[in-house]
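Scroll down for the structure; my scribbles are underneath it.
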Amino acid sequence: MTILQAVLLGIVQGFTEFLPVSSSGHLVLTQHLLNVNNPEIFSFDVYVHFGTLMSIFVVFWKDAYGILVALWQSLKTMQFKKAFEQDEQFRLGVAIIVGTIPAAIIGLLFRDQVKDAFSDPKLVSMNLVVTGLLLFLTRLAKPKAHKKINIASAALVGIAQAFAILPGISRSGTTMSTAIYLRITAVQAARFSFLLAIPTIGGAAFLETRHLLKEGVGIGIGPLIAGTLMAALSGYFAIRILMRIMERGKFSLFAFYCLAVGVLGIIFIS
């Protein structure tokens, strides 16, 4: 992989990670178009995802900091019940932990199978169609203005996120859609989806780092760094764009894009 290819893939990852169109699916399809056939491409995919994690911290650092402080304070006092009843940041932190568990289990148990899925652009195209249908059906949901994420809804969103480990199934699209189906407002659904990405993407990057330290960086340090930095930069702008779209209630419009790309991929990719 060249530096230019890595930069292009990083930009694609950054914009599509937070827009509900499947970043992993777009990476697979873009790699196919650029004729990038490196056996270590899965490691690159994980690290450009880590780049987008950096952009989440830039935009939502106050939320992330507040949650960490709340969790730390509860650990020091060991008054978990009181913290859960009185501290909204603590409840949100617990919800994120609960929502992370399903994806962590799937990622650990089926890492090799997931890697194989990244080499199948036809499967990615079909999964994009699935994502498009999920987004389109949010038009039928009727969110409640003051409803918040609780433990039960966090668990359901987490299960949905576990399915999004497959390329073509949008993580942000699936988690936001599930929250909206549960009558969470679009803005709150987006905020929870972004915060839920922190342990999910961070954990995947940590596990892949262990793998790279053992096996070596076959893809090259230069492309890895270039792709990660571009993903972080473009991810920042994608978050800002999506939050404005969510505020205007235009979330389901992404369905038509996913359906179009998925159908074209099914038809034209051999």
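Comparing L182, V129, F237 along the charge dipole axis of the range 3-268, the residue lying farthest to the positive side is L182, per the Cβ-charge model. The dipole here belongs to the range 3-268: it is taken about the Cα centre, uses +1 on the Cβ of Lys and Arg and -1 on the Cβ of Asp and Glu, and is about 1040 debye.
Treating r as the C-beta distance of L4 and F256 and R0 as 25 Å, the FRET efficiency rounds to 0.25.
Local charge for A231 was computed over the other residues whose Cβ lies under 13 Å away, with Lys and Arg +1 and Asp and Glu -1, and equals -2. Each Lys or Arg adds one and each Asp or Glu takes one away; over the other residues whose Cβ falls under 13 Å from the Cβ of I56, this sums to +2. So the label point goes 7 Å from the Cα of L108 along Cα→C-beta, right? Which residues of the range 86-101 then have their backbone N under 12 Å from it? Under cut-off, by backbone N: 101.
Taking each pair of different alpha-carbon atoms in the range 139-270 once, compute 1/r for the pair, average those values, and report the inverse of that mean as the Kirkwood hydrodynamic radius in Å to one decimal. Working shown, then result.
Details: mean 1/r = 0.0593 Å⁻¹.
Kirkwood hydrodynamic radius for the range 139-270: 16.9 Å.
Taking H32, H49, H146 in turn, the Gaussian network model of the chain (Cα-Cα springs below 10 Å) assigns the largest fluctuation to H146. Helices in the chain, meaning DSSP H runs of at least 4 residues, each add -39500 (n - 2.57). Divided by all residues, the mean residue ellipticity at 222 nm is -26500 deg cm²/dmol. On the beta carbon distance between K142 and I241, with R0 = 25 Å, the FRET formula returns roughly 0.50.
Any read-out appearing in this document is the output of simple, stated calculations on the displayed coordinates, not a laboratory observation. Being a predicted model, the structure only gives us computed values, none of them experimental. Heads up, the Cβs are rebuilt from the backbone with ideal geometry, glycines too, and the neighbour counts pull from every protein chain shown.
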